[in-house]
Structure formats: C-alpha cells, structure tokens
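Asker: Below is the structure I would like to discuss, written out as structure tokens.
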Amino acid sequence: MLFLPYNKNLRDLSRELRNNSTLAEVLLWNKLKSAQLYDYTFNRQKPLDNYIVDFYCKALNLVIEIDGNSHQMPDAYLNDATRQKILEQMGLNFLRFDDGDVKKNMEHVIRVIENYVLDVEEKNPEVKEKKKRKNN
C-alpha cells in the first residue's frame with residue numbers, strides 16, 4: 001500500500017469542492033459511492049500531497065479526473081499534466097474523462113473503470129484477496 005502525504009491545509013478547500021460539485025462529478029459519484037463498483041471504496045475531492053483529485057480509490061491506487069471546459073485552456077492542460085505526472089511518480093494511476101462523456105455516455109465511463117478494476121485484480125490477485133478479507 002502506498003503512503004501518500006495528506007496536506008491538512010487543503011481540507012477546507014476539499015470540503016468546499018465537495019459541496020460545489022459539477023453535474024458530471026455528482027453523476028459519477030452516484031455510481032461510485034457506497035462501494036457500488038466491485039465493492040471498492042472511493043473518496044471524492046481527496047487531498048493527496050499538494051493536490052486535490054476528483055475521485056480516489058486507495059485499494060486500486062486509482063485517481064479519476066473529470067475534465068470540463070476549463071481543462072481545455074493551455075495553462076490548465078499543462079497544470080493537469082504536471083500534477084498528474086507528480087502523482088504518477090508517487091505510484092498512482094489515472095483515468096481521465098471528459099465532462100461531456102460523463103453526462104452523455106455514463107455506461108462507457110463505468111465500463112472503462114470496470115475494465116481497469118478487472119485488469120488490476122487480474123495482474124495483482126492480492127488486491128482482490130485484500131478486498132475479500134475486508135468484506136468478510
């Protein structure tokens with residue numbers, strides 16, 4: 001299991017972001033919350049190091065980001081790429097989805113996430129075993 005630094009200075013901003021989620025974030029959260037996806041627990045607007053990610057699953061070392069229109073701007077794109085690279089160097093994996101895809105094609109988004117989960121479990125049977133022990 002990875003150790004990821006928690007920046008307590010981001011706690012209030014994280015809470016504010018959760019309380020002011022975008023429609024796409026709310027829609028995806030409704031599919032991820034309460035361990036609905038293969039019994040994995042996800043957090044939303046999770047502070048990791050000096051960043052806040054949209055969704056995070058510790059057991060899978062997975063970050064899910066939803067990119068809205070603001071992410072299309074050159075500066076935002078570079079900032080996203082930089083922060084993703086830093087977090088990937090810490091051992092995290094990323095799935096990125098366009099805001100419009102989440103709103104209009106949720107089945108595809110969920111299928112991509114499910115395929116990621118199944119791939120991780122196949123390559124790392126200990127992840128699946130740990131989940132089984134947790135649920136028993």
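Just so you know, all these numbers are worked out from the coordinates, no wet-lab data involved. Since the structure is predicted, the reported quantities are computational estimates derived from the model, not experimental observations. A quick note on method: Cβ atoms are made from the backbone with ideal geometry, for glycine too, and the neighbour counts reach across all protein chains shown.
Asker: How far, in degrees from 0 to 90, does helix 23-32 lean away from the longest principal axis of the Cα atoms of the chain, to the nearest 10?
Answerer: Once rounded, one gets 10 degrees.
Asker: What spacing in nm lies between the two simple spin-label points modelled at I86 and S21, each 7 Å away from Cα in the Cβ direction?
Answerer: Each label point lies 7 Å from its Cα, and together they span 2.5 nm.
Asker: On to the next question. Gap in Å between the Cα centre of the range 92-136 and the Cα centre of the range 1-73?
Answerer: First find each Cα centre; the distance between them is then 14 Å.
Asker: Would you compute, for the Cα atoms of the chain, the largest minus smallest coordinate along each principal axis and list the three values in descending order, in whole Å?
Answerer: So the three principal-axis extents are 43, 34, 26 Å.
Asker: Between helix 125-135 and the chain, what is the angle of the helix's C-alpha long axis to the longest principal axis, kept within 0 to 90° and rounded to the nearest 10?
Answerer: Its long axis makes an angle of about 90 degrees.
Asker: K130: which lysines have alpha carbons under 29 Å from its alpha carbon, excluding same-chain residues fewer than 8 sequence positions away?
Answerer: Those lysines meeting the cut-off are K8, K31, K33, K46, K58, K85.
Asker: So what's the angle, to the nearest 10 degrees on a 0 to 90 scale, between helix 106-123 and the longest Cα principal axis of the chain?
Answerer: 50 degrees
Asker: Relative contact order for the chain: what is it in percent, counting Cα pairs under 8 Å that are at least 6 residues apart?
Answerer: Computed value for the chain: 22 percent relative contact order.
Asker: Further question on the same structure: Only bridges whose two residues both fall in the chain count here: according to DSSP, what percent of them are antiparallel, nearest 5?
Answerer: 55 percent
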